[in-house]
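Peer 1: One structure, as structure tokens, below. Some questions next.
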């Protein structure tokens, strides 16, 4: 069995598992871990899910057998797995009825430290920050942000809303420039211009106006206001810079770590809370380290893949 075929089998198993009534948060976390292991996993999963959802057999199955509140019976489970098996064979065959009918979404990804701009056919622009991955639907009006950060400048079309999905959140464009940043269990949506609506499962929709920042965690959703100056500083990465304004060294180090393979570790709790301002290139780790070392008389030492900062 080839690696690609093995990955397709795993992807089909995840799609089948996700359709069960007992799917839970632990399953979702395990899936996200598997998806994060490689781009091949991510592509295989979304192709499999797309084919699954559009299979006439699955549509017929769901019409005849509504989704149960308890775990599916053996007969229903067998039928679902049969559909998954058919999809796997289609993928392995290299050219299936499913894929001929519906090509997969386009997947874009940036490496650590990379910055990329996408131009969509409708005139919209999407800028991808470091270590970011997203999928663009074939119609160009729907995006799934899998990880990282992206800035959206959307050509408004009232008849075809532009939607950005992140987990169980959806950002709906209402004529907008906005930034979306996903970090593990934290999502941040900042509106720069225009208007947008954020739909979250189980929460009343939130309409954002310029300067509004919605922050969602596993436990809460909150709305904050930021000045245009602060928003511009937060988007410094679009100019390949990081802007600090009275920022604690622990937070500044975390920001630099987004752009570099060698991670900065603040070893002293007191040092972690020292504050610094200034503008640095996103690849200016050495310049920043020189500054904090000289300014605060600190010790900087490289140890393998880490840079240790201490007194």
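The values are calculated or read from the model by the stated rules, or taken from the named source; none is laboratory data. Predicted, not measured: the structure shown is a model, and the values here were computed from it. Please note: Cβ atoms are built from the backbone with ideal geometry, for glycine as well, and neighbour counts cover all protein chains shown.
Peer 1: Would you say residue 254 is closer than 25 Å to residue 128 by Cβ, assigned by TED's automatic domain parsing to the domain that holds residue 288, touching a strand residue (DSSP E or B) at 6+ places or on another chain (Cβ under 9 Å) and not in a loop (DSSP other than H, G, I, E, B)?
Peer 2: Against the criterion (closer than 25 Å to residue 128 by Cβ, assigned by TED's automatic domain parsing to the domain that holds residue 288, touching a strand residue (DSSP E or B) at 6+ places or on another chain (Cβ under 9 Å) and not in a loop (DSSP other than H, G, I, E, B)), residue 254 qualifies.
Peer 1: Here's something else I'd like to know. Give the residue that is modelled with the lowest pLDDT, with candidates limited to residues of the stretch 11-23 that are surrounded by 16 or more Cβ atoms within 10 Å (Cβ to Cβ) and in a helix (DSSP H, G or I).
Peer 2: The selected residue is 16.
Peer 1: Do we have residue 249 as at pLDDT 95 or above, crowded, with 18+ Cβ neighbours inside 10 Å and within 20 Å of the chain's Cα centre (by Cα) here?
Peer 2: Considered against the rule, which asks whether it is at pLDDT 95 or above, crowded, with 18+ Cβ neighbours inside 10 Å and within 20 Å of the chain's Cα centre (by Cα), residue 249 comes out as no.
Peer 1: Shifting gears a bit: Picking from 194, 140, 167, 175, which residue would you name as being at positive phi and at pLDDT 90 or above? Spell out how you get there, then give the answer.
Peer 2: Working: 140 fails: at pLDDT 90 or above; 167 fails: at pLDDT 90 or above; 175 fails: at pLDDT 90 or above.
Within the list 194, 140, 167, 175, the selection yields 194.
Peer 1: Could you list, ordered by first residue, the pairs with Cβ atoms under 9 Å in which the first is in the stretch 219-234 and more than 15 Å from residue 178 (Cα to Cα) and the second is modelled with pLDDT under 95 and not in a strand (DSSP E or B), at least 6 apart or interchain?
Peer 2: Final answer for the pair search is 219/185.
Peer 1: If you don't mind, another one. Checking residue 259 against (1) in contact (Cβ under 8 Å) with a residue 40 or more places away in the chain; (2) touching a strand residue (DSSP E or B) at 6+ places or on another chain (Cβ under 7 Å); (3) within 25 Å of residue 280 (Cβ to Cβ): exactly one of these is not met. Which one?
Peer 2: In the conditions (1) in contact (Cβ under 8 Å) with a residue 40 or more places away in the chain; (2) touching a strand residue (DSSP E or B) at 6+ places or on another chain (Cβ under 7 Å); (3) within 25 Å of residue 280 (Cβ to Cβ), residue 259 misses (2) alone.
Peer 1: A further question follows. Just a yes or no: is a residue in the stretch 219-233 in the same structural domain as residue 276 (by TED's automatic domain parsing) and part of a strand (DSSP E or B)?
Peer 2: no
Peer 1: Looking only at the stretch 145-159, which residues are in contact (Cβ under 8 Å) with a residue 24 or more places away in the chain and in a loop (DSSP other than H, G, I, E, B)? Quick ask: steps written out before the conclusion?
Peer 2: Step one: list which residues in the stretch 145-159 are in contact (Cβ under 8 Å) with a residue 24 or more places away in the chain, which gives 145-157.
Of everything in the stretch 145-159, those that are in contact (Cβ under 8 Å) with a residue 24 or more places away in the chain and in a loop (DSSP other than H, G, I, E, B) turn out to be 154, 155, 156, 157.
Peer 1: Any residue in the stretch 270-291 that is more than 23 Å from residue 229 (Cβ to Cβ), in contact with a strand residue (DSSP E or B) (Cβ under 7 Å, 6 or more places away or on another chain) and assigned to a strand (DSSP E or B)?
Peer 2: Checked against the condition, which is being more than 23 Å from residue 229 (Cβ to Cβ), in contact with a strand residue (DSSP E or B) (Cβ under 7 Å, 6 or more places away or on another chain) and assigned to a strand (DSSP E or B), the stretch 270-291 yields no hits at all.
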